[in-house]
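The values are calculated or read from the model by the stated rules, or taken from the named source; none is laboratory data. Everything numeric here is computed off the predicted structure, so don't read it as measured data. All Cβ positions, glycine included, derive from the backbone under ideal geometry; neighbour counts span all protein chains shown.
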Amino acid sequence: MPYFIYYVTHNPATNTKKLEYIDTQDNFKAARILARERRTEMAEEPQTECRLIYAKTQIEAEKLLSAPREERVIGED
């Protein structure tokens with residue numbers, strides 16, 4: 001399965017995500033290097049992040065990135 005690299009822009013007003021496809025890599029090491037390079041280039045944009053995701057297809061990758069994530073629970077009540 002390939003690794004997909006995306007820019008993910010989060011809009012807090014509407015709680016939506018905009019995905020911008022960057023590239024696909026078959027090798028994790030190459031994908032990680034590319035994602036790190038892109039992250040350093042876009043350090044000034046606080047609402048945008050560069051994400052690397054492992055998926056079967058580009059459609060599955062976009063679905064996984066668009067899905068809302070539950071907040072992390074730190075510790076127990």
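If the requirement is being of a type in the set (A, V, I, L, M), in contact (Cβ under 8 Å) with a residue 24 or more places away in the chain and touching a helix residue (DSSP H, G or I) at 6+ places or on another chain (Cβ under 6 Å), which of these qualifies: Ile22, Ile5?
On the way: Ile22 fails: touching a helix residue (DSSP H, G or I) at 6+ places or on another chain (Cβ under 6 Å).
After ruling out the rest, the residue left standing is Ile5.
Can you tell me how many residues in the stretch 20-54 are touching a strand residue (DSSP E or B) at 6+ places or on another chain (Cβ under 6 Å), of a type in the set (Lys, Arg) and either surrounded by fewer than 13 Cβ atoms within 10 Å (Cβ to Cβ) or outside any strand (DSSP E or B) (or both)?
2
So Glu71 passes all but one of these: (1) over 13 Å from Pro2 (Cβ atoms); (2) in contact with a strand residue (DSSP E or B) (Cβ under 6 Å, 6 or more places away or on another chain). Which condition number does it fail?
Answer for Glu71: the failing condition is (2).
Taking only the stretch 21-47 into account, find how many residues are under 16 Å from Leu65 (Cβ atoms) and β-branched (Val, Ile, Thr).
Number satisfying all stated conditions: 2.
Report yes if some residue within the stretch 55-68 is in contact with a His (Cβ under 6 Å, 6 or more places away or on another chain), part of a loop (DSSP other than H, G, I, E, B) and surrounded by 10 or more Cβ atoms within 10 Å (Cβ to Cβ); otherwise report no.
No, the stretch 55-68 contains no residue that is in contact with a His (Cβ under 6 Å, 6 or more places away or on another chain), part of a loop (DSSP other than H, G, I, E, B) and surrounded by 10 or more Cβ atoms within 10 Å (Cβ to Cβ).
State whether the residues of the stretch 64-77 include one that is modelled with pLDDT of 90 or more and either in contact with a helix residue (DSSP H, G or I) (Cβ under 9 Å, 6 or more places away or on another chain) or of a type in the set (D, E, K, R) (or both).
Taking every residue of the stretch 64-77 in turn, none turns out to be modelled with pLDDT of 90 or more and either in contact with a helix residue (DSSP H, G or I) (Cβ under 9 Å, 6 or more places away or on another chain) or of a type in the set (D, E, K, R) (or both).
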